[in-house]
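So the structure is just underneath, and the comments pick up after that.
The values are calculated or read from the model by the stated rules, or taken from the named source; none is laboratory data. Bear in mind the structure is a predicted one, so any value in this text is a computation, not a measurement. Positions of Cβ are generated from backbone atoms using ideal geometry, with glycine treated the same way; all protein chains shown enter the neighbour counts.
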Amino acid sequence: MSDVATATAGRRSLARRHWAEHVLLPAEMAGRELTRRRTALGLLTLLPLAFYAASTSNSDYAPVLGGIAMAFSVSGAAIFCVMSSRRLDSRLVLAGYRPRELMIGRLLLLESLGAVLALVFSGVIVLGSHPADPGELIAGVFLVTLCAVPFGLAVGALVPSELESVLILIGVVGVQLTLSSDDPIAKFLPFWGAQRLLDQATGGAGATTWPIIVAFLYAAGLFVIACWAVNRRYANVR
Amino acid sequence: MLTASGICHSYGERKVLDRVSLTVGAGERVAIVGENGAGKTTLMRICARLLAPQAGTLQIDGRVGYCPQLPGLHELLTPDEHLALFSPAMGLTRGEGVARGRELLAEFGFPPKDRRAQIRHLSGGCQQKLNLTLALLGGARLLLLDEPYQGFDHGSYMNFWDHVKRWSNQGIGVIVVTHMLADLDLVDRVVALTPVLAEEPR
């Protein structure tokens, strides 16, 4: 092997090690802490199921309501994850972590847990509601998770206390639930893409590409805001 | 090692630090004393660069180890997991960090059986020993210790000051916030902070 190839392989190995230690290790520890909160995890799972079960009499709207209600659970977990770690995060950053590494770790962890919840929950809705287009419904539920994690991370990073964070969560998700996906205001809220697909899965018609693009743009934008907020918080340390 | 000059800080309209200056050299032991609300913790947070001063300058050479007054540990993680989490940030592998942290914990008299217990099940003194260990893990050149022995028993408290002397002999600068007058004989210098008096309305 030439010297250049050896040096490149060495750099890649170091980068992999850095990634594993600085991103995956905080994610692992956040995962350990979260999975030890069994009662909270049970409630997070039951909450969207309760919304779905309570609205099954309105068969067209139940999948939309249940699917969007998943944002309460996933964003709530993300907010808790950020806010409960603030005191220790400052020490981790002082020790040498970059704030965005801690956020990327949490994003990966919560998106993974959210994907498991989305898989279970979309199965329940498909079996319970027999939507016209199960594929769109599953995509819609996964898009809720995709946006809910960075939304929770951004709110947790920006807002000073838990009460305000929870009120923002209830406000945004609540307003999204009360509006139709055709309403112009709904399009400015983070879960519109998911809501649109869930609407279309239960009988509506429309394009699928644009709502998916919008959901990805929202997720990316919200995550950038979350990283900006934590970078700003610890700007003096670094 | 640390030079802070003209540091000012207020919370809203309440001024807590007014043109405070502090210098700490290598191996120097400095105690910061003052009544409640005098700004001791605020000054420590500024020195740790966790808080930006509203005026003044701060210069620090080398890695800082900060032991805050409130540990802020994750309640459901164990001491070993905390050591693992801090290790890579300090340039240690997970195994090295846990091994080094266990050595430090043993030096402070931390019971080995508690290393795998969740933080919420540990006594306040044991949590504080872990808090102190995390500050020391990365080989800091300057230690900022904000009432680090809260919850310590008498033996641990005396042992702590033996450690301070040893760190000082190794060239590590140590700042300790304390309320205990007996500690003042154990340091090289005492810095007294006094609460900033609000101006009386005319």
Would it be correct to say that A:Y52 is surrounded by 12 or more Cβ atoms within 10 Å (Cβ to Cβ), at pLDDT 90 or above and among the hydroxyl-bearing types (S, T, Y)? yes
Which residue, of B:V190, B:V196, is in contact with a Leu (Cβ under 6 Å, 6 or more places away or on another chain) and either surrounded by fewer than 19 Cβ atoms within 10 Å (Cβ to Cβ) or of a type in the set (A, V, I, L, M, F, W, C) (or both)? B:V190
In the stretch B:1-22, residues that are free of Cβ contacts under 8 Å to residues at least 60 places away in the same chain and either within 16 Å of the chain's Cα centre (by Cα) or surrounded by 20 or more Cβ atoms within 10 Å (Cβ to Cβ) (or both) total 3
What's the total number of residues in the stretch A:77-135 that are more than 14 Å from every other protein chain (Cβ to nearest Cβ) and of a type in the set (S, T, Y)? 3
Meets criteria (within 21 Å of A:V82 (Cα to Cα) and either surrounded by fewer than 17 Cβ atoms within 10 Å (Cβ to Cβ) or hydrophobic (A, V, I, L, M, F, W, C) (or both)) for B:L104: no
Output yes when any residue across the stretch A:45-65 is of a type outside the set (F, W, Y), in contact with a Phe, Trp or Tyr (Cβ under 9 Å, 6 or more places away or on another chain), within 28 Å of A:V166 (Cβ to Cβ) and within 14 Å of another protein chain (Cβ to nearest Cβ), and no when none is. no
Could we say that B:G109 is outside any helix (DSSP H, G or I) and either touching a Ser or Thr at 6+ places or on another chain (Cβ under 7 Å) or at pLDDT 90 or above (or both) here? yes
Determine which member of the set B:L132, B:L104, B:L83, B:L144 is within 30 Å of B:S21 (Cα to Cα), touching a residue at least 12 places away in the same chain (Cβ under 8 Å) and in a helix (DSSP H, G or I). B:L132
Which of the residues belonging to the stretch B:67-89 are of a type in the set (A, V, I, L, M, F, W, C) and more than 8 Å from every other protein chain (Cβ to nearest Cβ)? B:C67, B:L83
Answer from B:R115, B:R120 - the residue that is more than 14 Å from chain A (Cβ to nearest Cβ) and in contact with an Asp or Glu (Cβ under 6 Å, 6 or more places away or on another chain): B:R115
Within the stretch A:187-211, residues being more than 17 Å from A:M70 (Cβ to Cβ) and buried (at least 19 other Cβ atoms within 10 Å of the Cβ) number 1
When you go through (1) closer than 24 Å to A:V172 by Cβ; (2) within 14 Å of chain B (Cβ to nearest Cβ); (3) among the β-branched types (V, I, T) one by one for A:T39, which number turns out not to apply? (1)
For residues that are of a type in the set (G, A, S) and surrounded by 20 or more Cβ atoms within 10 Å (Cβ to Cβ), scanning just the stretch B:39-84, find the one that is farthest from B:Q127 (Cα to Cα). B:G39
